[in-house]
Amino acid sequence: MKEVRIISIDSRGRIVIPQIIRKSLGITEHSQLMLIADSESKEIKITPTGIDMSKQPIKLRITMEDLPGALAKIASTFGSLGISLMYGESVIVEKEKTAIWTVISPTPEIPLENLKNKLLDEGGAKKVEIISFE
């Protein structure tokens, strides 16, 4: 069931998620939420992440060839390492040459440098950037 509410932003840019919505989504005081803002469509999407509080999310920007199966190969590398993906967005930079896939996942068990090397070696990525959340 969908709940629709009109809410306001206070002077410090904060919003309050109504109790009925928090309850229906299982959002509690220490829940982590992912906010996706789309400046083109002027939309904000807020989603509960359901990740363990001890595993801070990481953001990766992966440059790859724009070829059929390239994204699947990199995604299967995440799967073989047992890493869940919370969010992903791909953009073609240059048709049939270069694409960028931005992903957010919980911090993996393996060191980030090892993850980066696996994506480059086994996944076929051209470049992997680890981006910190501010």
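Quick notes on this structure:
- Helix 112-121 axis, angle to the chain major axis (alpha carbon atoms, nearest 10°): 50 degrees
- Radius 12 Å from Cβ of Met34, net charge of other residues (Lys, Arg +1; Asp, Glu -1): +2
- Mean projected area (nm²) of the alpha-carbon convex hull when segment 23-134 is viewed from all directions: 8.5 nm²
- Extension gain from Asp38 to Ile17, taking 0.36 nm per residue of separation minus the Cα-Cα distance: 5.6 nm
- Proxy reagent accessibility, fewest Cβ within 10 Å first, across Leu112, Leu35: Leu35, Leu112
- With contacts taken as Cα pairs under 8 Å and at least 6 residues apart, segment 20-134 reaches a relative contact order of 29 percent.
- Rounded to the nearest 20, the size of the Cβ-charge dipole of segment 57-131 about its Cα centre is 80 debye, with Lys and Arg at +1 and Asp and Glu at -1.
- Rounded to the nearest 500, the 222 nm mean residue ellipticity of the chain from helices alone is -6000 deg cm²/dmol, with -39,500 (n - 2.57) taken per DSSP H run of at least 4 residues.
- Given charges at beta-carbon only (K, R positive; D, E negative), |dipole| of the chain in Debye: 360 debye
- Helix 70-80 axis, angle to the chain major axis (alpha carbon atoms, nearest 10°): 70 degrees
FYI, it's all coordinate maths here, none of it is from the lab. Bear in mind the structure is a predicted one, so any value in this text is a computation, not a measurement. Positions of Cβ are generated from backbone atoms using ideal geometry, with glycine treated the same way; all protein chains shown enter the neighbour counts.
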